[in-house]
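Engineer: Pasting a structure below so you can have a look.
What follows is calculated from the coordinates using simple rules that are stated; it is not laboratory data. Please read all numbers here as calculations on a predicted model, not as lab measurements. Cβ coordinates were reconstructed from backbone atoms using ideal geometry, including for glycine residues, and neighbour counts include every protein chain displayed.
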Amino acid sequence: MKPRTLLAGAVLALCATATPATDLLQVWQAARQHDPQGAVSEAGRAAGATRREQAAALWRPNLGLSASAGWANGQSQTNGAQFSALNSGLSDQANFSTSINGGTATRWALNARQPLYSPERRAQAAQLQVAAQASEHEWQLNQQDWMLQTTQRYMDVVQAERRLALVLQQQQAVNQALTEAKDRFALGDAPITDTHEAQARAQALAAEAIAARNALDMARQVLADVTGWPAENLQLQAPVRVVTGQAIEPLATWLQRAEQHSPVLKLQQAQVQSAQQDIDKYRASASPTLDLVAQASRERLGGSGDFGAASNTQSQQMVGLMLNLPLYTGGWRSAKLQEAVHLHDKARAELERSRMQVAQMTRVAWQAVQSGQARLAALDAARTASQARLDATRLGRQVGDRTTLDLLNAQNDASAAELAWLQGQIDTLMAQLRLHAMAGQLDVPQLQAVNAALQP
């Protein structure tokens, strides 16, 4: 096994037709095309973008047409009227009566309204603009979470593959040790306990191999579900180095970046702004509104009544200003205003809580990256030492200085050190991604940096 190679030899016999897309970037591209999470995120973003148009539409003219038709009755009575008729002069104290029973009634009206002044509409428009911006922050947050999830699923498969490979290697070594123990016992060079110990370890590894295969199958299936690739054809690259040679920037710098650019905080801040706009909206609902209005209507009722055939037609056109001043809403407005105030307080408290959480997660990720290089160096040294111990124990067993149990323990320790080193690689890579996510900087270039640390 080469010192900087994690996947030495074949892990499993994969299909000859395995997909060539085996690195992290290719998996991410496949997930973007296949994972329903992407469609959900994009649909939410598109829905949020429409709120800007909704805000603009609040100040555009409204035009409506209404029409109705049906059966109706009508009676009218006029007393003391004055009228003039051709060649008959002026008549006073005239009475008029008309009636229509079961007549045909038709009506249409065309209405136009242009808002001119409305504090409530202004607050609504501002709230919709904030909501549109919030949807962008939510989309960015979802994208970053999606990248982290996809990368973690990728690394889960890599780790499961390596674990199974090491278990299979251990099985092979234990079976060889079992054969040697039996041969030595037959020759009288070793006690029966060596055989029993090798048999017990072989049975334990058989159970461990079943668990490792199950874990690998599950990890592959999870990744296959989001990529659309057959689970049996997944053949991934594994991390062999972590690019941490450059000194990481101070924690204070990353905390400042997180405070300014974290999608979590930006989304929470937008929710605070939206809650404030709710307060402004309900306060403004008691303010007067002024609209420019225009209307054209026509109404006709025709049929037969008490005095024979009759009809009544009315036409109206109007252009002017409409002033509306709310006077009393039964306490609804004040109750909604109090609700909005309390929800604003809640949003501010949630923002402060999110600030604390983001700062804490930033510190954790920064510390993991900061200590990653030293930790990996220690794990690599332990891996090298474990392999050296295994080689020495194997030689000692051949000359009789070490027991079969010593050899089995050394093999187990070497496998554990190999897995620990791989886990350290994965932990450091994931910490790098989480740190950039906290600062709102997790994007494809960051995945490319992680991808550069992968090899078949």
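Engineer: Can you tell me, using C-alpha contacts under 8 Å and at least 6 residues apart, the relative contact order of the chain as a whole percent?
Structural biologist: That works out to 24 percent.
Engineer: Kindly state, to the nearest 0.05, the FRET efficiency for Ser97 paired with Lys336, given R0 = 35 Å and r defined as their beta-carbon distance.
Structural biologist: The value I calculate is 0.10.
Engineer: Now for a different question. Under Stokes-Einstein, with the Kirkwood radius over Cα pairs standing in for Rh, what whole-number D in µm²/s applies to segment 189-266 at 37 °C and 0.692 mPa s?
Structural biologist: In µm²/s, the coefficient is 179.
Engineer: Still on this structure, please answer the following. Tell me the label-point distance for the pair Ala377, Leu65, using the 7 Å Cα-to-Cβ offset, in nm and rounded to one decimal.
Structural biologist: Calculated label separation equals 8.1 nm.
Engineer: Step through the residues of segment 27-42 one at a time and calculate ³J(HN,Hα) from phi using the Karplus curve (6.51 cos²θ - 1.76 cosθ + 1.60, θ = phi - 60°), rounding each to whole Hz and writing x for Gly and Pro.
Structural biologist: 3J(HN,Hα) across segment 27-42, in whole Hz: 5, 5, 5, 5, 5, 4, 7, 10, 5, x, 4, x, 5, 4, 5, 5.
Engineer: Given 0.36 nm per residue, what is the gain on full extension from Ala81 to Asp345 after removing their alpha carbon distance, in nm?
Structural biologist: Value of the extension gain: 88.5 nm.
Engineer: A further question on this structure: Under the definition of Cα pairs under 8 Å and six or more residues apart, what whole-number percent is the relative contact order of segment 123-208?
Structural biologist: This gives 24 percent for segment 123-208.
Engineer: Moving on to the next point. Where q = 0.09, 0.10 Å⁻¹, what log10 of I(q)/I(0) comes from the Debye formula for segment 213-348, counting one point per Cα?
Structural biologist: Log-scaled intensity ratios, in q order: -0.76, -0.81.
Engineer: Residues in segment 393-437 near a label at Ile192, defined as backbone nitrogen under 18 Å from the 7 Å Cα→Cβ point?
Structural biologist: Within reach of a label on Ile192, which here means backbone N under 18 Å from a point 7 Å along Cα→Cβ, segment 393-437 contributes 404-405.
Engineer: Moving on to the next point. What's the tally of Lys pairs in the chain whose alpha-carbon atoms lie under 22 angstrom apart, where the two lysines are 8 or more places apart or on different chains?
Structural biologist: Count of close lysine pairs: 4.
Engineer: At 0.36 nm per residue, and after removing the present C-alpha to C-alpha distance, how many nm does the segment from Met318 to Val399 gain when stretched out fully?
Structural biologist: Gain in length upon complete extension: 17.9 nm.
Engineer: Rounded to whole Hz and in sequence order, give me ³J(HN,Hα) for segment 411-422 from the Karplus expression 6.51 cos²θ - 1.76 cosθ + 1.60, θ = phi - 60°, writing x for Gly and Pro.
Structural biologist: The phi angles translate into 5, 5, 5, 5, 5, 5, 5, 5, 5, 5, 5, 4 Hz.
Engineer: Report, in debye and to the nearest 20, how large the dipole of the chain comes out about its Cα centre when Lys and Arg carry +1 and Asp and Glu carry -1 on their Cβ.
Structural biologist: So the magnitude is around 860 debye.
Engineer: A further question on this structure: Under 20 Å from the 7 Å Cα→Cβ point of Thr104, by amide nitrogen: which residues of segment 297-314?
Structural biologist: 298-314
Engineer: Taking +1 at the Cβ of each Lys and Arg and -1 at the Cβ of each Asp and Glu, which of Leu205, Leu148, Gln171 sits farthest along the dipole of segment 147-214 towards its positive end, judged by Cα position relative to the Cα centre?
Structural biologist: Ranked along the dipole, the leading option is Leu148.
Engineer: As I understand it, the dipole of the chain uses +1 on the Cβ of Lys and Arg and -1 on the Cβ of Asp and Glu, about the Cα centre. Which of Ala420, Val226, Val319 lies farthest toward its positive end?
Structural biologist: Val319
Engineer: At 0.36 nm per residue, and after removing the present C-alpha to C-alpha distance, how many nm does the segment from Ser304 to Val240 gain when stretched out fully?
Structural biologist: Extending this stretch completely gives an extra 13.3 nm.
Engineer: Right, something else. Give a residue-ordered list of calculated ³J(HN,Hα) values for segment 180-194 (Karplus: 6.51 cos²θ - 1.76 cosθ + 1.60, θ = phi - 60°; whole Hz; x for Gly, Pro).
Structural biologist: 5, 5, 5, 5, 5, 5, 4, 8, x, 8, 8, x, 5, 4, 4
Engineer: Send over the per residue convex hull volume for the chain, Cα only, as a whole number of Å³.
Structural biologist: So the per-residue hull volume is 258 Å³.
Engineer: A further question follows. Let me know the charge dipole size of segment 205-361 about its Cα centre in debye, to the nearest 20, where only the beta-carbon of Lys, Arg (+1) and Asp, Glu (-1) is charged.
Structural biologist: 280
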